[in-house]
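Below is one structure; the comments refer to it alone.
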Amino acid sequence: MMPSTLIRSLVLLIINFILMNFAFAKDHIVLDLDLSTPIAKIQPSMYGIFFEDINFSADGGLYAELVKNRSFEFDKPMMGWLQPATDPYSLNQNSGIASTLNFASNKSNKNVLRVNVHNDKNYSLVNEGFRGMGITKGQDYLLSFYAANNDQKIKNIIFQLVDAQENVVASVRVAPKDKEWRKYTAQLNAKKTEEKARLKITFEGAGVIDLDMISLFPKETWKGKAKGIRQDLAQLLFDLKPGFLRFPGGCIIEGRTLAQRYQWKNTIGDVEQRPTMISRWNTEFSHKVTPDYFQTFGLGFYEYFQLAEDLGAEPIPVLNCGIACQFNSGELVPVSELDPYIQDALDLIEFANGSVQSVWGKVRKEMGHPEPFNLKYIGIGNEQWGPQYIERFKIFQKVLKEKYPDIVLISGSGPFADGEQFDYAHRELKKLGAEIIDEHYYKDIDWFKKNATRYDNYDRQGPKIFAGEYAAQSVAIVSPENKNSWETALAEAAFMTGLERNADVVHMTSYAPLMAHTEAWQWSPNMIWFNNLQSLATANYEVQKLFANNRGTELLSISANGKALTGQGGLYASAVRDGTDNTVIIKLVNSASAEQEIKLNAQSQPVKLSATVTTLTSKLLSDENTFSNPRTVHPVVEKRSFKSDQFLIKLPANALVIIKYSAN
Ligand code: AHR
């Protein structure tokens, strides 16, 4: 008699053999696509944008202002401004002096600059910009400033853009005639493209003059909005076709202390009256200290709403829930004192949606947008955890739902992807009937590949999921060595097939963080990198774009041997139908190091079909897009014809392949 273990092994071998021949045959793998019964609706919000003011994404990034510390409100009021008296190399140290005057009574705009010019034309002030100013040959730049020419002895102020070698590349002369405060405007035209330009201000005459709010914007901004946002960056966002725009973060809303939390009411109205505040990312990480990181709020809630509208995305503002960042001070507002925080949320809904007769709707109208912004979602808190969060969320929920039952509240499950706190949050939020729970995961590459099944067993009756912040980390979370490698992007693509396969539960997803200045970042990896002139779409961006641009409207079943593809043999798959143009879209990830061929078996598809096959891959998993080689990881699109019984496609090693064809 054969020993029983041997019999068991033999039986297993035979079963394996049959299975391999059935679906994973040597020459191709058969995938069954079921077109007959859509499984779920794909939400229009499925793929969106998480914007956080981190890595100089707002001031110095998306917000196109070129002057840093334009109204002298940084904690060190002369930060960003150089003058001969403080420049050890200057030959003109005695030519004058500038220092700030403080009017503490004006809470939002305390400081102005007083300039004492001793020597005609010898004294100059220089603004260094955000690691320089990016200017483009032939483009116009809009200058504005306030001045009070106290003794009227300053005849002219010369504003010049100078390049890194101090050559003048644009110049304009303004006569500050008035003794009293007055706003002046002028225009400069750049004669040269320069990434590291600086704004030099020289005075004609000797006297005392006060200046404030010295501002310089490119004339060309996204959608031509005056003093608006940077075109190239906004275009990259637009090209994602995002379903939503979440703003302004992230931990930025929490603040390291409650006093430093993000308060939306400080970010609307007259830009000149918005108070400047230190960024919580300023000195957060000792490996990447950026002491000159402040928030002017020139890009504030009104502008975020407008951006969402221009992008065709649902706006998703996130508010502080009465808890400062629990990785920092963790300060708590006693529940008995939560009213102002809740009022902020109520007022925000009125600001976005209220009639122009309402208090906050009127403010929106006066800012130039009488039509409502059609707000549907609000996030309550970011990465809070523990009973303190649940206790506070419950109060927000009660009040907000009573007054605005249709506004969907997004609650958080904390910074952890699993574990005690995560489970606790889910349990409690479910009891509260939470509608959407935000989950965050900054994990290693393998985690993403293994977690393509993460949502397969989530409760279908429970809250919906917002995968609100995720990115594969090539080294470790917050490591400055993390790269935007093809390997990270491929792992995210594999994981995203799992998000999509679970579209009945997962209603929103967004990569994070969104963008970073190459010389002023705190966090890596990021979806988009930029310097003062250029922006760079990473491999991760390309993956996000391919998923978002192929989101479809209904989820279909795709399987091998009756099972979803969640990494067997390195393969992952999801499929959708797009009801708007009746196409079928199949997303396939081959994470194996060898090419694999699939045969698509779909009932009721046309006998002959022509498909678009988009392939995203790269020679090496370590490949990255760079400013010098921005298209290392870039999709290749080809048209292919198939007979329905010969629907064979080769998937290159380490590739994301998207097949799209008309279902007619
Ligand atoms: O995306 C960077 C930070 O990561 C976010 O601010 C925070 O929510 C998360 O911890």
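The values are calculated or read from the model by the stated rules, or taken from the named source; none is laboratory data. For clarity, every value in this text was computed on a predicted model and none was experimentally measured. Positions of Cβ are backbone-derived with ideal geometry, glycine not excepted, and every protein chain shown enters the neighbour counts.
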Query raised in the report: With respect to the numbered conditions (1) surrounded by fewer than 20 Cβ atoms within 10 Å (Cβ to Cβ); (2) at pLDDT 95 or above; (3) under 13 Å from I209 (Cα atoms), which one is the sole condition not fulfilled by D151?
Result: (2)
Query raised in the report: Restricting attention to region 47-69, does a residue exist that is away from the ligand (no atom under 16 Å from the Cβ) and under 22 Å from A573 (Cβ atoms)?
Result: yes
Query raised in the report: For A352, are the conditions met, namely being more than 20 Å from I436 (Cα to Cα) and within 16 Å of the ligand (Cβ to nearest atom)?
Result: no
Query raised in the report: Between a first residue in region 99-122 that is assigned to a loop (DSSP other than H, G, I, E, B) and a second residue that is among the aliphatic types (A, V, I, L, M) and surrounded by 17 or more Cβ atoms within 10 Å (Cβ to Cβ), which pairs have beta carbons less than 8 Å apart while being 6 or more apart in sequence or on different chains?
Result: F103/V112; N109/M213; H118/A206; N119/A206; D120/A206
Report task. For D339, work out the one condition from (1) among the acidic types (D, E); (2) buried (at least 17 other Cβ atoms within 10 Å of the Cβ); (3) not assigned by TED's automatic domain parsing to the domain that holds F244 it doesn't fulfil. Result -> (2)
Query raised in the report: Only one residue in K443, K449 is among the basic types (K, R), touching a residue at least 24 places away in the same chain (Cβ under 8 Å) and part of a helix (DSSP H, G or I). Which one?
Result: K449
Query raised in the report: Just for region 250-267: of the residues that are away from the ligand (no atom under 16 Å from the Cβ) and buried (at least 22 other Cβ atoms within 10 Å of the Cβ), which one is nearest to F50 (Cα to Cα)?
Result: W264
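Condition check ((1) over 20 Å from L319 (Cβ atoms); (2) within 16 Å of the ligand (Cβ to nearest atom); (3) of a type in the set (G, A, S)) across all residues:
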position	(1), (2), (3)
F396	no, no, no
P405	no, no, no
G412	no, yes, yes
D418	yes, yes, no
Q421	yes, yes, no
L429	no, no, no
D438	no, yes, no
Query raised in the report: Within region 480-516, which residues are part of a strand (DSSP E or B) and of a type in the set (S, T, N, Q)?
Result: T509, S510
Query raised in the report: Looking at L66, L82, L19, L6, which is the one that is at pLDDT below 95, over 30 Å from N550 (Cβ atoms) and surrounded by 16 or more Cβ atoms within 10 Å (Cβ to Cβ)?
Result: L82
**Report entry** Number of positions in region 624-662 that are surrounded by fewer than 20 Cβ atoms within 10 Å (Cβ to Cβ) and assigned to a loop (DSSP other than H, G, I, E, B)
**Finding:** 11
Requested in this report: Evaluate the following for G207: is it in contact with a Phe, Trp or Tyr (Cβ under 9 Å, 6 or more places away or on another chain), more than 16 Å from the ligand (Cβ to nearest atom) and not assigned by TED's automatic domain parsing to the domain that holds Q273?
Outcome: no
Report task. Look at N582 and say whether it is away from the ligand (no atom under 16 Å from the Cβ) and either in the same structural domain as K137 (by TED's automatic domain parsing) or crowded, with 24+ Cβ neighbours inside 10 Å (or both). Result -> no
Query raised in the report: Of the residues A573, A548, A592, which is in a loop (DSSP other than H, G, I, E, B) and of a type outside the set (K, R)?
Result: A592
Requested in this report: Give me the pairs, please: first residue somewhere in region 624-642 and outside the structural domain of F530 (by TED's automatic domain parsing) and at negative phi, second residue anywhere and loosely packed, with under 14 Cβ neighbours inside 10 Å and outside any loop (DSSP other than H, G, I, E, B), beta-carbon distance under 6 Å, and either six or more positions apart or on two chains.
Outcome: S641/S610
Requested in this report: Report yes if F247 is surrounded by fewer than 17 Cβ atoms within 10 Å (Cβ to Cβ), within 16 Å of the ligand (Cβ to nearest atom) and of a type outside the set (D, E), otherwise no.
Outcome: no
Query - Of all residues in region 342-366 being under 11 Å from V399 (Cβ atoms) and touching a helix residue (DSSP H, G or I) at 6+ places or on another chain (Cβ under 7 Å), the one that is surrounded by the most Cβ atoms within 10 Å (Cβ to Cβ) - result: A345
